[in-house]
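The values are calculated or read from the model by the stated rules, or taken from the named source; none is laboratory data. Because the structure is predicted, anything quoted here is derived from the model rather than measured. Virtual Cβ from ideal backbone geometry, glycine too; neighbours counted across all protein chains shown. Heavy atoms of the whole protein, side chains included, go into the accessibility calculation; ligands, DNA and RNA do not. Shrake-Rupley method; radii C 1.70, N 1.55, O 1.52, S 1.80 Å.
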Amino acid sequence: MSCLLLPNSWSTTILASKERRVIEPRKKQQDAGSTRDRILITNSEIAQPNSIPPLVSALKTCAHQNAATFHFPGHNRGRAAPSSLVHLIGLKPFIHDLPELPELDNLFSPEGPILEAQKLAAKLFGSSETWFLVGGTTCGIQAAILATCSPGDYLILPRNSHISAISAIVLSGVIPKYIIPDYDCLWDITAGVTLSQIEKAIEELHMEGQKVGAVFITSPTYHGICSNLTDISKLCHSYEIPVIVDEAHGAHFGFHPQLPSSALQQGADLAVQSTHKVLCSLTQSSMLHMSGNIVDRERICRCLQTLQSTSPSYLLLASLDAARAQLSEKPGRIFNNALDLALETKNLIRNIPGISMLGTLGFSNFPVIDPLRLTFGFWRLGLSGFEADETLYSDQGVISELVGTRSITFAINLGTCRDHIQRLACGIKNLSEASLLSFEKIKGQIEDHCGSAPFSDITMSLNPREAFFARKRKVAIGESLGKICGELICPYPPGIPVMIPGETITKKALEYLVLVKNKGATISGASDPLLNSIVICDV
C-alpha cells in the first residue's frame, strides 16, 4: 500500500504529545505553508464520504453565511484570530469555531443536526442511544457513575481504574468496593477483572446489606487486555445491577472479525469510548452509548448537562459526526490495512534478541488482547521502558503511546504507514545490538523486580469523598507511612492512581512511586512532583 506523508516527519521538527524535548531538524525546515507538506494518509482507507455528515454540513453552511456577526467567540470567525496560531493552523478552524447558533442545534436538548448525528452514531455502534461528549471520556465516566449510583451506594470497580472514576466517586458520594486486578510483575502490568472477582464482591456487599449501584469495568486496558464482559454482564443483570464499561481504548471494537466484540455487543448497559483514540475524531471528543432498559435515560441527560460545558466546541462535535461517517463507509473493512501492519510489525520484531512481546501467556484469565495495541518489553536488554523510549525517539524519531517501567506500548491506527513501522523495527533492532546483556545479569534483574501490584494491600480509612473534604497538611515523605493519603498520586501516563485520598499510605506504594519516578515517569496529582513531601488528611 502506498503512503503519502505530510509533514515529512523526519525532515521537519517533531512535535510530541508528551512533554519532552523537541528534536532539531536534520534538514532545512520547510515553511508552514509549503506545497511540499503532505498529510499522513493511507490512500485505500480514507475515502470521501458519499454524503456530508449532518453536523459537518450544518457547520459548513453556518460558516459560509454572509452575516453581520455580533456573537462570541471573540475572534469573530477568524477576523481577530491570534496571528501566531493562524500561522500554525490557518484560518479555517477559526471560521468554523462557532457558538450554539439556532442552525447548529443545542447539545443538551438536540432537535436538529446534533440529534440526527447522534442517532446515526447509535445505529452504527448498536446502542439504543448515543450522546456526544466534548469533555472526553472522563466526562462520560463521571456521568455514567452519577446516573447509576446515589450517595451511600457501593460501586464495584478495579483498583487500576482511571482517575476519572475516582473523581466520579468524589462527586457522587458513592463508596468504592475495589477489586485487585491480576498483575504480572515481569511486565509490571495489571490486567482486567474476572467473573469470580465480581461475583465475590457482589455477594460480600449483599451479605452486609449494602446496595450496589453499579459495576464498573475497564475493558480494554491501556495495554489492550480485555475482560469477559459477556459473563460479567449476565451475572450483574441477574442482580439487576447495571454494568458501566470504560471502553476508552476500544471504540474500534466490533468493526472487524479480528477485533474483539464491543462492550455493548457483550451486554454492557453503558459504554464510554474515546472516539479520538483509535478512531479519528479530534482530541477531547468522545461518545457515551447506552443499551438495555436498566439505566434511566433522563438521569443520564441531567448528569451530562451538569458536567459538560454550556459552550461546547462545534469543531469537536462535528469531528465525532465525521469520524462516524468515515467508519460507516466500510465498517467491516476499514481496519484491514491497520491489522495487516500490526501483524507485520510483530513479525519484524518478534525474533529480535532481548525483546519480549506481550501476549496472553502471562494473563491466562484474559485470552483476548487488542491486536492493534503492541507492547514490547526491554528488561532483557537491561533497559527500562523509559530508557528504551528515549533512545527510540532520538534514534528514529519514534513516538510511542505509553511508556512503562519495563515496556513500551505502540498504538496502530488508520493513519499508521509502513515507513513508520520499519523505523520502529529498525530502532528496536539497533537497541538490541547495542544493549544486549549477559543472561546472569538479566536473570538477577528479573528476580529483583518481581513482586505484587503496588496497591495490592490497600486499606481505606476514609472514603474518597470524605478524604477530599477533610482538613489536610503536608508532611515529609519519610513521615507519611501509615498516614491517610490526602491527594491522588499516579504516574502518568496512564493515569492509574497508586495512592487515592482516604487510603493508608503503605511502604510498597511509596517504594513503587519512587521507583517509577527515578526511571523517568511523570508523577501526576501530587502537590510535590519530586515526592519529597505528601499531603495527608489531618484527622
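Here the chain has an Rg and Dmax of 23.9, 75 Å, counting Cα atoms alone.
The amide H of S128, built 1.01 Å from its N in the peptide plane, has M290, S291, G292 as neighbours under 5 Å, considering only residues 5 or more places off or on other chains.
Tell me the per residue accessible area of the chain using a 1.4 Å probe; a whole number in Å² is fine.
Values: 23970 Å² over 539 residues.
The answer is 44 Å² per residue.
The distance linking region 305-373 with region 487-529 is 27 Å (Cα centroid to Cα centroid, whole angstrom). Within the full protein context, the accessible area of R333 is estimated at about 140 Å² for a probe radius of 1.4 Å. Computed on protein heavy atoms with a 1.4 Å probe, the accessible areas place S407, S196, S167 in the order S196, S167, S407, largest first. Computed over protein heavy atoms with a 1.4 Å probe, the carbon and sulfur contribution to the accessible area of the chain reaches 53%.
Per-residue surface analysis assigns V535 an accessible area of about 20 Å², computed on protein heavy atoms at 1.4 Å probe radius.
Might you report the magnitude of the Cβ-based charge dipole of region 113-329 about its Cα centre, with Lys and Arg at +1 and Asp and Glu at -1, to the nearest 20 debye?
Details: 12 positive and 19 negative charges, 86 e Å.
Computed about the Cα centre, the dipole is about 420 debye.
Here the sum of -39500 (n - 2.57) over DSSP H runs of 4 or more residues, divided by the residues of the chain, equals -10500 deg cm²/dmol at 222 nm, to the nearest 500.
Take every pair of alpha-carbon atoms less than 8 Å apart whose residues are at least six positions apart; their mean separation over the length of the chain yields a relative contact order of 13 percent.
Can you tell which of F410, Y393, I232 lies farthest toward the positive end of the dipole of the chain, using +1 and -1 charges on the Cβ of basic and acidic side chains (Lys, Arg; Asp, Glu)? Checked the options; the winner is Y393.
In straight-distance terms, cross-link reach from K472 covers every one of the aspartates and glutamates whose alpha-carbon lies under 16 Å from its own, apart from those fewer than eight places away in the same chain; here that gives E487, E503, D528, D538.
About the centre of its Cα atoms, region 248-399 shows a dipole size close to 300 debye [charges on the beta carbon of Lys, Arg (+1) and Asp, Glu (-1) only; nearest 20 debye].
Ordered from largest to smallest accessible area (heavy atoms of protein chains, 1.4 Å probe), the residues H420, H249 come out as H420, H249.
With +1 on the Cβ of every Lys and Arg and -1 on the Cβ of every Asp and Glu, and nothing else charged, how large is the dipole of the chain about its Cα centre, in debye rounded to the nearest 20? Working shown, then result.
Values: 46 positive and 50 negative charges, 236 e Å.
The calculated dipole for the chain is roughly 1140 debye.
Accessible area per residue was computed with a 1.4 Å probe on protein heavy atoms; V475 scores about 10 Å². Scanning residues 5 or more positions from M357 or on other chains, those with amide H under 5 Å from its amide H are G377, with H placed 1.01 Å from N in the peptide plane.
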